[in-house]
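What follows is a set of notes on a single structure, which appears directly below.
The values are calculated or read from the model by the stated rules, or taken from the named source; none is laboratory data. All values reported here derive from a predicted model rather than from experimental measurement. A quick note on method: Cβ atoms are made from the backbone with ideal geometry, for glycine too, and the neighbour counts reach across all protein chains shown.
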Amino acid sequence: MNKAVAIEKAKKVKFVILDIHGILTDNTLYYTDDGKKSECFSLRDRLGCMALREGGIEVAFLTSKITRTDEQVGKIYGIPLEKLWGTSAKIGKLDEFEKESGFKDGDLCYVGDEMIDLGVMKRVGFSAAPSDGAIEAKEVADYITQAGGGKGVVREVAEFILKAQGKWEEIIDKFSKSP
């Protein structure tokens, strides 16, 4: 990872796409005795999503399958339902999104942690992986967070992008004045 190159790439980001499991979560599944599944999500990442939107950068979730839990987290994080994308054909979804939106690869950031994310990570203008992501994901990432999955990865990526774009201090100022 070359920090100067990563900063230059981050300056161009206009839209951030997030994998969910391993990014917003630590990839751990919890099961109750009656078989119900639960996961843990970081509210620090909610603040990262809020900061990105405040900086004029929209956010979407792209994961193999959107669950009711993912929809609830999307609401909490301020991600509209139409930006919750569930498909294992991630490159196909990227093609479709670019065609519909007019965004190009260089405008996009993707945050992923595993083999299924590699194609998108290699293609977008700026990619990031968590410190505890798969070796393969970290090898192709432009930026590797200090945070592990579910521990503020999105918050850290948001700060990196917004600092590169010269927007971070203004956003901090807005947040510090909000009621």
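Okay, here's what the table says:
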{"read-out": "Qualifying residue in the range 51-69 (condition: part of a helix (DSSP H, G or I), at pLDDT below 95 and within 14 Å of the chain's Cα centre (by Cα))", "value": "no"}
{"read-out": "Matching helices (runs of 4 or more DSSP H) fully within the range 87-145 where at least 1 residues are surrounded by fewer than 19 Cβ atoms within 10 Å (Cβ to Cβ), polar (S, T, N, Q) and at pLDDT 95 or above", "value": "90-101"}
{"read-out": "Residue in the range 60-69 that is under 22 Å from Ala134 (Cβ atoms), of a type in the set (Lys, Arg) and either buried (at least 17 other Cβ atoms within 10 Å of the Cβ) or touching a residue at least 60 places away in the same chain (Cβ under 8 Å) (or both) present", "value": "no"}
{"read-out": "Unique match (being closer than 14 Å to Thr69 by Cβ, hydrophobic (A, V, I, L, M, F, W, C) and surrounded by fewer than 18 Cβ atoms within 10 Å (Cβ to Cβ)) among Leu43, Leu29", "value": "Leu29"}
{"read-out": "Residue check, Glu170 loosely packed, with under 13 Cβ neighbours inside 10 Å and part of a helix (DSSP H, G or I)", "value": "yes"}
{"read-out": "Members of the range 146-167 found to be buried (at least 16 other Cβ atoms within 10 Å of the Cβ) and on the phi > 0 side of the Ramachandran plot, listed by number", "value": "Gly150, Gly152"}
